[in-house]
Amino acid sequence: MLEPELGLAMSSLASRIALVSVVLVTLAVVMAVGGATLIGQRVADSAVTDSLSTSQSTQRFLQETTAREVALATDLLAADPHFTAYLVEAIRGGLSSEDGIDTRSILDQVDARRVEMGFDVAMMLDQDGGILVRTDRPLRGEESRADHPMVQSVMEELIPDYGPWREGSRLYSAAVVPVTTAFELVGYLVTGMVIDNNVANQIKQVAGVDIVFLSAAEEAMGAVASTLENEHSDHLIDALSGSARDALLAGSPVERLDVMIDGENWVGRAEPIQDQTGSVLGAVITIDSLDAKLAGHRSIRTALIGAGVVAILIALLLSVLVARRIARPVQALAQVADDAAQGEYDQVIEIGGKDEVGTLSRAISRLLADLREQKEIAGYVSDLSRQLENDETESSAKESSTSEAIETPPSGPAVVL
């Protein structure tokens, strides 16, 4: 009955050894994969944050550079004496205009110079800031830009100014330059380069991330330029709601904006576009794919998982072999102990080695030797006791016979002495 239990115990010991080994290896693999995932996530987050911050700086620099170039080109145009003389004549009605100001001639001249200089829009304002002509659309009655911060600044100081400009729902990198002769102020020339998808793509080529420009016309955010598809831009605008939208409209940047687009994680950073007075004209969002940054780390994690699975299988195989190698001599020693309990002391243990199992086998061998010696002594004592008992019995029998012979007289006739 003890052998099945003993075998079961040894199998359980081997199983426990194998299980502990596999658990330890699995724990090490899980910790390695988890550590790699955590580190990869942090590195990717840091890389995306740094990339977005750098991209915002690059975007601001490029936009400012574009506006400065527009201002320089417009200043050169305003300083052209032929252009100025033509405008003076047209404004004074010197070009056969019956109404005093030949707006058609002014429009033709301004539009021709706009095309020549590569501007997207141009407007000629009078001395009071009223619009004389504009190239992007026909005038709708009397229009004025005298309340625009850039125009106000130029009207006060007669120094060219440049910066962001919102016209309707469109955004421009614009410049305002006074047009003067040697003796008088003719008006103000406003030129601008529209911020469209081409501009966004140029910035993306330099910055390396996607970019979306939003216009805040009437406090409604709408995309006016983007490197993303329209549908993705709509997802981004939907995500820019609540506190993030309120912060932008209040003139504060949004440091981090997490967006899910087509099942992919994106991280964005938004900054308001403001004029000289701090009024919010729109916003620019730089956005990058977090999953793309994590792709390299995920490949490392996948490799670690594959290597971990192989390591677990190898550990399982080795642990089973080692456990069996340990369990077999232990099982043999247990069997020897069981047989010794049944009185079999003449067993030979053939287990060597200098490890704990070898030490145990030598101890059991010494114990069996002691038990054999005790058994032999006990046998000798038992034989000696039986011999003494037999000798005592024989001696008692002889003494009894002698006593009987002395006490019984011989039979026969009586003799008279």
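Of the residues PRO149, PRO164, the single one that is closer than 21 Å to GLN63 by Cβ and touching a strand residue (DSSP E or B) at 6+ places or on another chain (Cβ under 8 Å) is PRO164. Across the range 214-248, the number of residues qualifying as touching a Gly at 6+ places or on another chain (Cβ under 6 Å) and either closer than 16 Å to ASP196 by Cβ or surrounded by fewer than 20 Cβ atoms within 10 Å (Cβ to Cβ) (or both) comes to 2.
Quick one: is GLN152 assigned to a helix (DSSP H, G or I), open to solvent by 10 Å² or more (accessible area, probe 1.4 Å), more than 30 Å from ALA250 (Cβ to Cβ) and free of Cβ contacts under 8 Å to residues at least 24 places away in the same chain? No; evaluated as a whole, the condition is false for this residue.
Filter the range 299-314 down to the residues that are surrounded by 15 or more Cβ atoms within 10 Å (Cβ to Cβ) and not aliphatic (A, V, I, L, M) and list them by number. ARG301, GLY308, listed by residue number.
Quick check: anything in the range 275-292 of a type in the set (Ser, Thr, Tyr), at pLDDT 85 or above and loosely packed, with under 15 Cβ neighbours inside 10 Å? Scanning the range 275-292 turns up at least one residue that is of a type in the set (Ser, Thr, Tyr), at pLDDT 85 or above and loosely packed, with under 15 Cβ neighbours inside 10 Å.
Report yes if PHE61 is surrounded by fewer than 16 Cβ atoms within 10 Å (Cβ to Cβ), part of a helix (DSSP H, G or I) and modelled with pLDDT of 80 or more, otherwise no. In short, yes.
Whenever a residue of the range 284-297 is over 19 Å from LEU38 (Cβ atoms), its partners that are in a helix (DSSP H, G or I) and charged (D, E, K, R), lying with C-beta atoms within less than 9 angstrom and at least six residues away or across chains, give the pairs VAL284/ARG60.
Restricted to the range 196-270, the set of strands (runs of 3 or more DSSP E) holding at least 2 residues that are modelled with pLDDT of 90 or more comprises 210-215, 222-226. Considering ALA32, ALA73, ALA47, the condition of being within 30 Å of ILE106 (Cα to Cα), open to solvent by less than 60 Å² (accessible area, probe 1.4 Å) and either part of a helix (DSSP H, G or I) or not acidic (Asp, Glu) (or both) is satisfied by ALA73 alone.
The values are calculated or read from the model by the stated rules, or taken from the named source; none is laboratory data. If you're wondering where the values come from, they're calculated on a predicted model, not measured in any experiment. Because the Cβ atoms are built from the backbone with ideal geometry, glycine has one as well, and the counts that use them run over all protein chains shown. What goes into the accessible areas is simple: the full protein's heavy atoms, side chains included, and nothing from ligands, DNA or RNA. Shrake-Rupley method; radii C 1.70, N 1.55, O 1.52, S 1.80 Å.
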